[in-house]
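This report concerns only the one structure given below.
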Amino acid sequence: MQRFEMEENMEERTYKTMGGSGALNIAVGVVSLVVGVASGVLLIISGAKLLAGRSKILF
């Protein structure tokens with residue numbers, strides 16, 4: 001009976017660890033997606049400003 005309880009406890013810990021790891025992966029994925037989109041938008045805006053100001057440069 002002791003061995004069965006120990007195996008059941010290991011399975012429960014594995015299940016909980018996998019659940020926590022999965023939740024963390026989803027959270028990191030969402031944060032990466034948001035940061036990626038935000039940086040992409042900022043790069044597009046700054047590039048457009050550079051192209052628009054190109055005609056104001058005198059050499």
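The values are calculated or read from the model by the stated rules, or taken from the named source; none is laboratory data. What you see is a predicted model; the values in this text were computed from it and never measured. Glycine also receives a Cβ, built like all others from the backbone with ideal geometry; neighbour counts cover every protein chain displayed. We work out accessible area using only protein heavy atoms, side chains counted, and drop any ligands, DNA or RNA first. Shrake-Rupley method; radii C 1.70, N 1.55, O 1.52, S 1.80 Å.
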For the chain, with the dipole built from +1 on Lys and Arg beta-carbon atoms and -1 on Asp and Glu ones, taken about the Cα centre, which of LEU24, VAL41, MET10 lies farthest toward the positive end?
VAL41
Which option, (1) 1.61; (2) 0.90; (3) 1.10, is the value of Rg/Rh (Cα atoms, Kirkwood Rh) that was calculated from these coordinates?
(1)
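I want the local charge near TYR15. Using Cβ-Cβ distances under 15 Å, sum +1 for each Lys or Arg and -1 for each Asp or Glu among the other residues. Spell out each step's value before the answer.
On the way: positive: ARG13, LYS16; negative: GLU7, GLU8, GLU11, GLU12.
Its environment carries a net charge of -2.
With every protein chain left in place, what is the accessible area per residue of the chain in square angstrom, probe 1.4 Å?
Working: 5750 Å² over 59 residues.
Computed with neighbouring chains in place, this is 97 Å² per residue.
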Ignoring ligands and nucleic acids, GLU11 exposes an accessible area, probe 1.4 Å, in Å² to the nearest 10, of 130 Å²
Distance (nanometres) between label positions extended 7 Å along Cα→Cβ at ILE57 and GLU5
7.7 nm
